[in-house]
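Visitor: Please see the structure below; I have some questions.
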Amino acid sequence: MTALVRYLLVDVLRTQRWLPPLLLLTAVLGMLYASDAGPPLPAYAGTCVLVYPVSAWLTVVIATAEDPVRRTVTVVTAGGWARAQSAVTASAVLAALGVALVATLAPVVTQPRPYPPGTVAQGFAALAVCALVGVGVGVLCSRPVIAQAGWSVLASTALVVLVFLFGRTPPVGNVLWALSHDDGVTSALALSGVVAVLFVAGATWLGAAVGPRRG
C-alpha cells in the first residue's frame, strides 16, 4: 500500500494539475492574513471555509490523474479495486492534511496576535476535519463513481455548496459554528471528526464497489 500511495503522489506531481488548487490556497491565505485577522479561533473558521473546497479539488485531481487504461493496470497491480481505491483515498488524505497543516501554521507566523499551542492544536483539528470532508466529496465526485470530468466538477461544486447550507449540522457546519462562537469546540471537533472519518470511509467503499462495474 505504501508503494502504491507513493506512486500515485509522484504521478500527480508529474501532471502539475495540483498547481491551481494550491495557488488558490496560497492566494487566499495571503489575503486572509495580510492584516490582523482577529481572534485565532474565528480566524481558523474562515480558513476552514477555504481548506474544505481546496481539499475536494485536490482529491479529484489525485483520483483522475491516471487515464482509464493506466488505472486498470494499477488496479490489477494493486490486487483489486478495493486496494486501489483505498490508495487513492490515502493519497488524498495525506495531501489534504498537508494543506490543513499549512493553513494552521500560516497565521502563527504572520499574525500579531499570540497563538497558544492549545489554540493551534484546535485549529489544526478543525482544519483536518474540513479537509477530510473535502476528501470524501472528492472521492464521491470522481472516477469511478462519476466518470465524466464535467459532471465531476458540477457534482463536487454542488456538494461543497450544499454542506454550507445545513447550518450547524456536522461535520463542517458544526465546526464552523463552534470556532466562530468559541463555544463547545472540543465536543464539536470530536463529533465532526467521527462523522468526517465515516464519510471518507463510506465514499471509499462506494468507489471500490462501483469500480469493477465501470472498469
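The values are calculated or read from the model by the stated rules, or taken from the named source; none is laboratory data. Everything quoted here is computed from the prediction, not taken from an experiment. As a convention, Cβ positions derive from the backbone with ideal geometry for all residues, glycine included, and neighbour counts pool all protein chains shown. SASA here: full protein model, heavy atoms, side chains in, ligands and nucleic acids out. Shrake-Rupley method; radii C 1.70, N 1.55, O 1.52, S 1.80 Å.
Visitor: Kindly evaluate L50 against the criterion of being surrounded by fewer than 22 Cβ atoms within 10 Å (Cβ to Cβ), in contact (Cβ under 8 Å) with a residue 40 or more places away in the chain and more than 25 Å from P212 (Cβ to Cβ).
Guide: So L50 passes the test.
Visitor: Kindly evaluate L41 against the criterion of being in a helix (DSSP H, G or I) and either open to solvent by 50 Å² or more (accessible area, probe 1.4 Å) or under 21 Å from T157 (Cβ atoms) (or both).
Guide: Against the criterion (in a helix (DSSP H, G or I) and either open to solvent by 50 Å² or more (accessible area, probe 1.4 Å) or under 21 Å from T157 (Cβ atoms) (or both)), L41 does not qualify.
Visitor: Please determine whether any residue of segment 124-142 is open to solvent by 60 Å² or more (accessible area, probe 1.4 Å) and out of contact with any strand residue (DSSP E or B) (no Cβ under 6 Å at 6 or more places or on another chain).
Guide: The answer is yes, given that some residue of segment 124-142 is open to solvent by 60 Å² or more (accessible area, probe 1.4 Å) and out of contact with any strand residue (DSSP E or B) (no Cβ under 6 Å at 6 or more places or on another chain).
Visitor: For segment 107-122, indicate whether the set of residues that are within 16 Å of V200 (Cβ to Cβ), crowded, with 17+ Cβ neighbours inside 10 Å and out of contact with any strand residue (DSSP E or B) (no Cβ under 8 Å at 6 or more places or on another chain) is non-empty.
Guide: Scanning segment 107-122, I find no residue that is within 16 Å of V200 (Cβ to Cβ), crowded, with 17+ Cβ neighbours inside 10 Å and out of contact with any strand residue (DSSP E or B) (no Cβ under 8 Å at 6 or more places or on another chain), so the answer is no.
Visitor: Would you check if there is a residue in segment 12-21 being open to solvent by 40 Å² or more (accessible area, probe 1.4 Å), touching a residue at least 60 places away in the same chain (Cβ under 8 Å) and part of a helix (DSSP H, G or I)?
Guide: no
Visitor: A follow-up question, please. Can you pull out the helices (runs of 4 or more DSSP H) entirely within segment 100-215 that have at least 2 residues that are modelled with pLDDT under 90 and closer than 25 Å to A27 by Cβ?
Guide: Answer list for segment 100-215: 149-164.
Visitor: Another question about this same structure. Take segment 22-35 and flag every residue that is open to solvent by 50 Å² or more (accessible area, probe 1.4 Å) and in a helix (DSSP H, G or I).
Guide: L22, L23, L24, T26, A27, M31, L32
Visitor: In this structure, is G80 surrounded by fewer than 24 Cβ atoms within 10 Å (Cβ to Cβ) and either modelled with pLDDT under 95 or under 17 Å from S180 (Cβ atoms) (or both)?
Guide: Yes, satisfied.
Visitor: Now a separate question. Restricting attention to segment 47-59, report how many residues are in contact with a Ser or Thr (Cβ under 9 Å, 6 or more places away or on another chain) and more than 13 Å from T157 (Cβ to Cβ).
Guide: Summing the residues that are in contact with a Ser or Thr (Cβ under 9 Å, 6 or more places away or on another chain) and more than 13 Å from T157 (Cβ to Cβ) in segment 47-59 gives 2.
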